[in-house]
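Participant: One structure is given below, represented as structure tokens, and several questions about it will come after.
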Amino acid sequence: MKKIYIEPTSNCNLSCKMCSRNAWFDEKVGDMDMELFYKIMDEIEITDSIETIFFGGIAEPFANKNIMPMLNRAALTGKKVEIITNGMLLDEEIITNLLLLKIDTLWVSIDGADEKSYEEIRLGASYSKVIENLKCFNARKIKLGMKSKLGLTFVAMKSNIHQLPSLIWLANTLRACELKVSNLIPYDKQMIDEVLYSRGITSESSSERSFNIRNNDLSIINSPIINIPIMDFSNPEVKSLLGDIFQYSNLLRIGENNIIRKTDHCKFIDDNSLFIRWDGEVSPCMALLHNNVTYLSTTERRITHCSFGNVKEMRLIDIWNGDEYINFRNRVREFAYSHCTICGHCNYVEENKEDCFGNTFPTCGGCVWKEGFARCP
């Protein structure tokens, strides 16, 4: 174990149109019990291999009224602490406390570079309020002399991808360390036409690539990394957009000119990460954290949550070292699953319980995360 994602709550203050919470089934909503949380922290503190505690799941961490005591306890473990938020519930007091706790990175989801586009996607949010909160973060950071970083995340879709150059500029002005872009995962039929990887999802072509970009203008103090995922780069709209981005004289691709697509590969497994849901269930990845309906091309899929144990009943290290969990991680690394994303989508793909190679629950062949389309910090 190296990175532990903790979901403090499954509640949220917004109703974003692309959120998987809109497609949950057979799910309860609640906050993590503090007694359970302290038990988890006690175990994490004595596990030397764990490097990072990341607060986030499929909800808003600051919707849990106990989030600041949670962050305080996490900081006392000596591990790196990160948190992701929509930014609406931040205020000067919370921001000051985050900085004093010396959290490593505050990640904020921003899916539009202006008020209209942002608020059409993030229903119930205020673009101006979030931007003011992030400016406050920077001002308090300078005043207190702290080194906590700010990261931005962006869910790319056809209706907002044209704003990526403006978002890069916004990342610069907000002194963000990184802008991490993810593709949309459609959780209802209306969102299918918004995806930017429809060609790539049925192709094994290595012409589908992802990019890392770094600001190379030495006159700008902060130099954010812009992490763009695999898209249909042959699509004229996307191709033109990337051309516009690379025309900026102050942008430089890091290292190699591009990064070859790596398919059938789970970053969560390769990074030795796991997720602890608000109720204590331990899942191997974001995709299997909750029950939800999603779409692969036009095929509806019912994804059933997978847990290898509950930390209410077992030690975290015992769950991690359990035979069932070890065998699952080995299967994922070998990726002995059917290649559902590039076939004709038979009935097996409609659920994640069995595939045509004879694998049983949970099967990963239809996962868009393992194709590099979806990402999280």
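Participant: What tally of residues in region 115-135 results from selecting those that are over 23 Å from HIS162 (Cα atoms) and in a loop (DSSP other than H, G, I, E, B)?
Facilitator: Number of matching residues: 0.
Participant: Now for a separate question. Tally time: how many residues in region 121-138 are in contact with a Ser or Thr (Cβ under 8 Å, 6 or more places away or on another chain) and open to solvent by 60 Å² or more (accessible area, probe 1.4 Å)?
Facilitator: Qualifying residue count for the region: 2.
Participant: Name the single residue that is modelled with the highest pLDDT among those in region 202-224 being touching a strand residue (DSSP E or B) at 6+ places or on another chain (Cβ under 7 Å) and farther than 30 Å from ASN138 by Cα.
Facilitator: The residue in question is ARG209.
Participant: Could we say that SER182 is open to solvent by less than 60 Å² (accessible area, probe 1.4 Å) and either at pLDDT below 95 or in contact with a helix residue (DSSP H, G or I) (Cβ under 8 Å, 6 or more places away or on another chain) (or both) here?
Facilitator: So SER182 fits the description; yes.
Participant: OK, next. When the residues of region 345-356 are narrowed to those that are surrounded by fewer than 16 Cβ atoms within 10 Å (Cβ to Cβ) and not hydrophobic (A, V, I, L, M, F, W, C), which ends up farthest from ASN327 (Cα to Cα)? Outline the logic, then answer.
Facilitator: Within region 345-356, the first condition is being surrounded by fewer than 16 Cβ atoms within 10 Å (Cβ to Cβ), and the residues that meet it are 346-347, 350, 353-354.
Narrowing further to those that are not hydrophobic (A, V, I, L, M, F, W, C): 347, 350, 353-354.
On the way: ASN347: 25, GLU350: 24, LYS353: 16, GLU354: 16 Å.
So, considering only residues that are surrounded by fewer than 16 Cβ atoms within 10 Å (Cβ to Cβ) and not hydrophobic (A, V, I, L, M, F, W, C), the one farthest from ASN327 (Cα to Cα) is ASN347.
Participant: Taking GLU334 and the conditions (1) at pLDDT 95 or above; (2) over 23 Å from the mean Cα position of the chain (by Cα), which numbered condition does it fall short on, given that it satisfies the others?
Facilitator: Going through the list (1) at pLDDT 95 or above; (2) over 23 Å from the mean Cα position of the chain (by Cα), GLU334 breaks only (1).
Participant: Checking the condition more than 26 Å from PHE54 (Cα to Cα) and either among the polar types (S, T, N, Q) or surrounded by fewer than 18 Cβ atoms within 10 Å (Cβ to Cβ) (or both), which residue from ASN359, ASN327 passes?
Facilitator: Going through ASN359, ASN327 in turn, the sole match is ASN359.
Participant: In region 1-20, how many are modelled with pLDDT under 95 and of a type in the set (Lys, Arg)?
Facilitator: 1
The values are calculated or read from the model by the stated rules, or taken from the named source; none is laboratory data. As the structure is a computational prediction, the values presented were derived from the model and not from experiment. Cβ sites come from the backbone with ideal geometry, for glycine too, and all protein chains shown count toward neighbours. Keep in mind that these areas ignore ligands, DNA and RNA; they rest on the heavy atoms of the full protein, side chains included. Shrake-Rupley method; radii C 1.70, N 1.55, O 1.52, S 1.80 Å.
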